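The values are calculated or read from the model by the stated rules, or taken from the named source; none is laboratory data. Only a predicted model underlies this, so the values are computations on that prediction, with no experimental measurement involved. Using ideal geometry, Cβ is built from the backbone for each residue, glycine included, and neighbour counts are taken over all protein chains shown.
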Amino acid sequence: MKILVPIDGSDASLRALAFVTSHADAFSPDIHLIHVHLPVPSARAAAWVGKEVLHAYYEEESDAALKPALGLLAKAGKQAVVIKGIGDPGSEIASKAAAGFDLIVMGNKGRTALGNMVMGSVAMRTLAESTVPVLLVK
């Protein structure tokens, strides 16, 4: 089973990954981790900084978010493919999953319904846009 696990460095995303690794016998997972970074909000800022510096920033941020997850996998004796992206996280996760994944397993930070409406939610966006089943882990 090909599983996509979104990682943002939060405890919620690590709980989702721990769920996958602890249920490896049931899933027989081919684990892929995905980290999606929001784009820099201003095109002018991006142009001023330069593509190389901006790329290095995205890489550094992704690596920092993925480091605890890769450590968790190493302790469990598992490996994963890493996918990095830039864009709206919910949309990017759903889009990547549609390209051949069986399941998305992701953490839910447990916000209230009002909190999701006001602040938005990557999990809610992924659920809305995904054509692949989504398992939310609290």
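Within region 115-124, identify whether any single residue is modelled with pLDDT under 95, buried (at least 16 other Cβ atoms within 10 Å of the Cβ) and within 16 Å of Ile34 (Cα to Cα), and answer yes or no.
yes
Looking only at region 43-65, decide whether some residue is touching a Gly at 6+ places or on another chain (Cβ under 8 Å) and either over 23 Å from Phe19 (Cβ atoms) or surrounded by fewer than 18 Cβ atoms within 10 Å (Cβ to Cβ) (or both). Give the steps one after another, and end with the answer.
Kept after step one, since they are touching a Gly at 6+ places or on another chain (Cβ under 8 Å), are these residues of region 43-65: 64-65.
Now drop any that are not either over 23 Å from Phe19 (Cβ atoms) or surrounded by fewer than 18 Cβ atoms within 10 Å (Cβ to Cβ) (or both), which leaves 64.
Yes; the residues of region 43-65 include at least one that is touching a Gly at 6+ places or on another chain (Cβ under 8 Å) and either over 23 Å from Phe19 (Cβ atoms) or surrounded by fewer than 18 Cβ atoms within 10 Å (Cβ to Cβ) (or both).
Of everything in region 1-38 that's within 21 Å of Ala99 (Cβ to Cβ) and over 15 Å from the mean Cα position of the chain (by Cα), which residue is surrounded by the most Cβ atoms within 10 Å (Cβ to Cβ)?
The qualifying residue surrounded by the most Cβ atoms within 10 Å (Cβ to Cβ) is Pro29.
Inspect region 49-59 for any residue being in a loop (DSSP other than H, G, I, E, B) and in contact (Cβ under 8 Å) with a residue 60 or more places away in the chain and give the result as yes or no.
Scanning region 49-59, I find no residue that is in a loop (DSSP other than H, G, I, E, B) and in contact (Cβ under 8 Å) with a residue 60 or more places away in the chain, so the answer is no.
Starting from region 10-22, keep only residues that are more than 21 Å from His37 (Cβ to Cβ), then list their pairs with residues that are in a helix (DSSP H, G or I) whose Cβ atoms are within a distance under 9 Å, requiring at least 6 positions of separation or different chains.
Listed pairs, sorted by first residue: Ala18/Leu72; Ala18/Ala76; Val20/Phe27; Thr21/Leu72; Thr21/Leu73; Thr21/Lys75; Thr21/Ala76; Ser22/Ala76.
Looking at the structure I just gave you, is Leu66 assigned to a helix (DSSP H, G or I) and within 10 Å of the chain's Cα centre (by Cα)?
Criteria met by Leu66.
Across region 89-103, which residue is surrounded by the fewest Cβ atoms within 10 Å (Cβ to Cβ) among those that are part of a helix (DSSP H, G or I) and out of contact with any Asp or Glu (no Cβ under 7 Å at 6 or more places or on another chain)?
Among those residues, the one meeting the criterion is Ala98.
Looking at region 85-96, which of the residues that are of a type in the set (Gly, Ala, Ser) and in contact with a Ser or Thr (Cβ under 6 Å, 6 or more places away or on another chain) is modelled with the highest pLDDT?
Here the answer is Ala94.
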